[in-house]
Amino acid sequence: MSSVEMNLDMFRELKNNPNDEKVVMLNLLKFKPDGGLKSYMKYMQESNRFVEGVGGKMIFLGKPKELLNGSEIWDLMMLVEYPSRQHFLKMANDPEYIKIHEYREKAVERAVLYAHDRIKFSDLLALSQKTESQT
């Protein structure tokens, strides 16, 4: 699998996930050297109406700087929140959105798109304690 191909197993899992709460999508992007950023800007301008159309919103946009751990170098990091996974999938399957997705494909050398659930620290602590008691 190339680094920009979709993970179809995970897409099925996302589709079948019963959680109907907000989901935050982490985007890590490495642009192609010749015109990648320009093509991605076109994609962002065109895709914004689809994101907003399903109730999504960008909650953070950043330029990665000092890499303190790991080895992957990224050009852009973005967090986009959607009302639910189903809202994200509605956008991703919109035929008009699919048409403009070509700008993203032309722009990106590597990408990570990761769906996240919000959790509370107390939930993480409880999970940790449960895991420890099972070992």
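Throughout, read-outs are computed from the coordinates displayed, never taken from laboratory work. Since we're looking at a predicted model, the values are computed, not measured. For neighbour counting, all protein chains shown are included, and Cβ atoms are generated from backbone atoms with ideal geometry for every residue, glycine included.
Inspect all residues belonging to segment 29-46 and state whether any of them is crowded, with 16+ Cβ neighbours inside 10 Å and among the aliphatic types (A, V, I, L, M).
yes
Provide a single number: the residues in segment 92-122 that are more than 23 Å from Lys38 (Cβ to Cβ) and in contact with a strand residue (DSSP E or B) (Cβ under 8 Å, 6 or more places away or on another chain).
Going through segment 92-122 one residue at a time, the tally reaches 5.
Which of (1) out of contact with any Phe, Trp or Tyr (no Cβ under 8 Å at 6 or more places or on another chain); (2) touching a residue at least 24 places away in the same chain (Cβ under 8 Å) is the odd one out, the single condition Ser133 does not satisfy?
In the conditions (1) out of contact with any Phe, Trp or Tyr (no Cβ under 8 Å at 6 or more places or on another chain); (2) touching a residue at least 24 places away in the same chain (Cβ under 8 Å), Ser133 misses (2) alone.
Which of the residues belonging to segment 28-52 are under 18 Å from Asp94 (Cβ atoms) and either among the polar types (S, T, N, Q) or free of Cβ contacts under 8 Å to residues at least 40 places away in the same chain (or both)? Break it down into steps so the answer makes sense when it comes.
At the first step, the residues of segment 28-52 found to be under 18 Å from Asp94 (Cβ atoms) are 42-52.
Once the filter is applied, which keeps residues that are under 18 Å from Asp94 (Cβ atoms) and either among the polar types (S, T, N, Q) or free of Cβ contacts under 8 Å to residues at least 40 places away in the same chain (or both), segment 28-52 yields Met44, Gln45, Ser47, Asn48, Arg49, Glu52.
One line per residue, one yes/no per condition, for (1) over 15 Å from the mean Cα position of the chain (by Cα); (2) among the basic types (Lys, Arg); (3) closer than 18 Å to Asp20 by Cβ:
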residue	(1), (2), (3)
Val51	no, no, no
Gly55	yes, no, yes
Ile59	no, no, no
Lys65	yes, yes, no
Gly70	yes, no, no
Trp74	no, no, no
Val80	no, no, yes
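Kindly indicate whether Ala92 is surrounded by 15 or more Cβ atoms within 10 Å (Cβ to Cβ), of a type outside the set (Asp, Glu) and touching a Ser or Thr at 6+ places or on another chain (Cβ under 9 Å).
In short, no.
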